[in-house]
Structures are given as C-alpha cells and as structure tokens.
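Written below as structure tokens is the structure these notes are about.
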Amino acid sequence: MPVPDARALAEIFRASAAPVTFEPRRHTYTSQTGERLPAVSDIIRASGQRVYDDIPAHVLSRKAVLGHIIHELTDIIDGGSQPDVDAVIHGAMHRAGFTMTEETVDTYAEQFFSYQNVIPAYIEAYQKFCKFYRPEWLLRETIVANRLDEFPYAGTLDRFGVIERENTRPLVVDIKTTSRQYQHHLVQCAGYAMTLGDHVAEVDLGVLYLHSDGRWFFRLAEPDEAFAAINAFHAYRRLYYAIEDARIATSLLE
C-alpha cells in the first residue's frame, strides 16, 4: 500500500478553511459569508458527553488558560524562535477575561505567577517528546473546516506531520495538558482529521499529553480506535445540528 503524501494532505487541510476566520476571545469561527460555524469542541459538548465534569469549574477555567499558553509557547518553539513567556501569559490571561486593576492586582499576580512557575515543566515535557520522536510538523495551530456538506464546522488543528520513529503514515496530533486521558480527546482529534473529507482514512490520530512534572505520554490510536472516534464525531455533529434545528423550531412557537 502506498504511503500517503503528507504534504498533499497538508495542502488539503489549508484549503479547507481558507475563508474561515477565528475570534479567540469568544472562540468562534465565521465563514466568508458571515455564517458562524460550530467548533469541534462545541459539537462534542452538545453531544451530552461528560466533558471534564469531574473538574471544578474554577480549576477548569485556569487549566484552559494554561492549555492556551502551552499551545502558543510550543508553537513558537517549533517555529524556531525563543518565546517571550511573560508576554504569552499576559496575552492568554487577557483573552480569558483577566484584567489587572487596583482592585484585582493581587489576584492577577497570584494567577500570573502560578502559570509562570509550572510552564518550564510542560515545555520540558514537550521538548523531551520532540527529542525522542523527532517529528516533522507540516502544520501547527492551523484552522481547518468542513464546509462542503450539510453539517459544517471548524476547529484549530494542533499539529499535523510525520513521526518516522513511530509510523510512516501522516499524523493528526492534539496536545493536552490534562493529568488524565479522556475518550473525547480522540474524538476531538477525529473531528480535525475529518476536514480532509475522503482522505481521512489516510491519516492516523494521536494525542500528546504533557504533565506538570516534566513527563509526557503519546497515545497513538489503534486503527479500530480511530475508526470508532471518526464514527463518534460524525454522529455527534449530526446530533448537534438536530438540536439546533429543534431549538430554532421551538423558538418559532414563542
């Protein structure tokens, strides 16, 4: 069986969302015609799956900001530059709604330093992964979208490329900073991969877990797991649009 052309697949990913824009503060995707496209994460949440229900809301909020910080820092590092860590932290906190005023300066500073203290371990974990696997990333933090069928959506792909040490097939990789593995992580990864359309079967799915103690774990989906994740996301997006149709129909009765 011929090895899929990773660079050709990367171009398909890029073309999928050429006219789609992303607003990070509200985490919304908009098409060229002004239509709001649901995010991959929106679709998974609407499915009724228990997504981080075991994590208190205030902890989840802080972890979400940390995740954005680590994503941005690793992207800058992969691009060959040295990141301004403090600037990245301030930016992520601002986008999350944190403001530093006379009344909030102590709380803001406490939160800022809590991120500053843990970031080195996460970066160390990512660098250890890269040293071990030597990935060739063709795409990083790239908007992708499915706009060609009746259930359109969009999302931001963390990484796409090739890891020769693990597998010669191209890989869609999602980066997580959670301490636990959750099944919906692979489903989320499948959502990004499905923007390839008919080429989705040509890629593998992987989730990279970075931990606060400098450890990392890479979960490469087995073929049956990837197939199940793709089927699950397809069912979730059909359900998302069914719920939206029901909501619109109900609003007409008011």
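Quick note: the coordinates plus some simple rules give every number you see, no bench work behind them. This one's a predicted model, so the numbers in the text were calculated from it and none came from an experiment. Here the Cβ positions follow ideal geometry from the backbone for every residue, glycine too, while neighbour counts run over all protein chains shown.
What dipole magnitude, in Debye to the nearest 20, does the range 142-233 give about its Cα centre under +1 on Lys/Arg Cβ and -1 on Asp/Glu Cβ? Display every interim value, and only then the final one.
Numbers: 8 positive and 13 negative charges, 80 e Å.
Charge dipole, the range 142-233, about its Cα centre: 380 debye, nearest 20.
About its Cα centre, what dipole magnitude does the range 40-124 give when the only charges are +1 on Lys and Arg Cβ and -1 on Asp and Glu Cβ, stated in debye to the nearest 20? Working shown, then result.
On the way: 5 positive and 13 negative charges, 74 e Å.
Computed charge dipole of the range 40-124: roughly 360 debye.
Projecting each Cα onto the charge dipole of the range 47-178 (Lys/Arg +1, Asp/Glu -1 at the beta carbon, about the Cα centre), which of Leu171, Met100, Ile76 comes out farthest on the positive side?
In the range 47-178, that residue is Leu171.
Rounded to the nearest 20 Debye, what is the dipole magnitude of the chain about its Cα centre when Lys and Arg each give +1 and Asp and Glu each give -1 at the C-beta? Intermediate values should be presented prior to the final figure.
On the way: 25 positive and 35 negative charges, 49 e Å.
Around 240 debye, computed over the chain.
How many nm separate the modelled label positions at Leu252 and Lys128, each set 7 Å beyond the Cα in the direction of the Cβ?
Inter-label distance under the simple model: 5.7 nm.
Rg and Dmax of the range 156-244 over Cα atoms: what are they, in angstrom?
Over the range 156-244's Cα set, Rg and Dmax evaluate to 13.5, 44 Å.
Can you say what percent of the DSSP beta bridges in the chain, counting only those with both residues inside, are antiparallel? Round to 5.
Numbers: 23 of 30 bridges.
For the chain, the DSSP antiparallel bridge percentage is about 75.
Could you tell me the distance between the Cα centroids of the range 110-168 and the range 189-244, to the nearest Å?
13 Å
Scan around Leu37 for amide H atoms under 5 Å from its own, H built in the peptide plane at 1.01 Å from N, and keep only partners 5 or more places away or cross-chain.
Tyr29, Thr30, Ser31
Each residue of the range 169-177 in order: what ³J(HN,Hα) in whole Hz does its phi give by Karplus 6.51 cos²θ - 1.76 cosθ + 1.60, θ = phi - 60°, with x for Gly and Pro?
7, x, 10, 9, 10, 10, 9, 10, 10
Hey, what number do you get for the chain at 222 nm if only DSSP H runs of n ≥ 4 count, each worth -39500 (n - 2.57), divided across all residues, to the nearest 500?
Details: 7 runs with 120 residues, N = 254.
When only DSSP H runs of four or more count, the value is -16000 deg cm²/dmol.
Please give the FRET efficiency for Glu225 paired with Glu103, using the beta carbon to beta carbon distance and R0 = 51 Å, rounded to the nearest 0.05.
Values: r = 49 Å, r/R0 = 0.96.
Calculated value: 0.55.
List, in order, the whole-Hz ³J(HN,Hα) value for each residue of the range 218-232 obtained from phi through the Karplus relation with A = 6.51, B = -1.76, C = 1.60 and θ = phi - 60°; use x for Gly and Pro.
After applying 6.51 cos²θ - 1.76 cosθ + 1.60, I find 10, 9, 9, 5, 5, x, 5, 5, 4, 4, 5, 5, 5, 4, 5 Hz.
Using a Gaussian network model on the chain with a 10 Å cutoff between Cα atoms, which of Gly214, Gly191, Gly155 fluctuates the most?
Gly214
Using Cα springs under 10 Å in a Gaussian network model of the chain, which residue among Glu164, Glu102, Glu202 shows the largest mean-square fluctuation?
Sorting by GNM fluctuation, first place goes to Glu102.
Obtain the nm distance between the two label points defined at Arg36 and Arg95 by a simple spin-label model: each point lies 7 Å from its Cα along the Cα-to-C-beta direction.
Those two pseudo-labels are separated by 1.9 nm.
Compute from the Cα atoms of the range 1-133 the Rg and the Dmax, the latter being the longest Cα-Cα distance, and quote both in angstrom.
Here Rg and the maximum Cα pair distance are 18.2, 64 Å.
Got a sec to turn the phi values of the range 179-190 into Karplus ³J(HN,Hα) couplings, 6.51 cos²θ - 1.76 cosθ + 1.60 with θ = phi - 60°, whole Hz, x for Gly and Pro?
7, 10, 8, 10, 4, 5, 5, 5, 5, 4, 4, 5
Once you compute Rg and the Kirkwood Rh from C-alpha atoms, what is the Rg to Rh ratio for the range 6-251? Each step should come with its number before you reach the end.
Numbers: Rg = 18.3 Å, Rh = 19.0 Å.
Rounded to two decimals, Rg over Rh is 0.96.
So what is the relative contact order for the range 6-251, in percent, with contacts set as C-alpha pairs under 8 Å and at least six apart? Let's see the in-between values first.
On the way: 354 pairs, mean separation 53.9, N = 246.
The value is 22 percent.
Comparing Thr21, Thr33, Thr74, which has the greatest mean-square fluctuation in the GNM of the chain with Cα pairs linked when under 10 Å apart?
Highest fluctuation among the options: Thr33.
Among Phe218, Ala15, Gln32, whose Cα projects farthest towards the positive end of the dipole of the range 6-251, with charges put on the beta-carbon of Lys, Arg (+1) and Asp, Glu (-1)?
The residue sitting farthest along the positive end of the dipole is Phe218.
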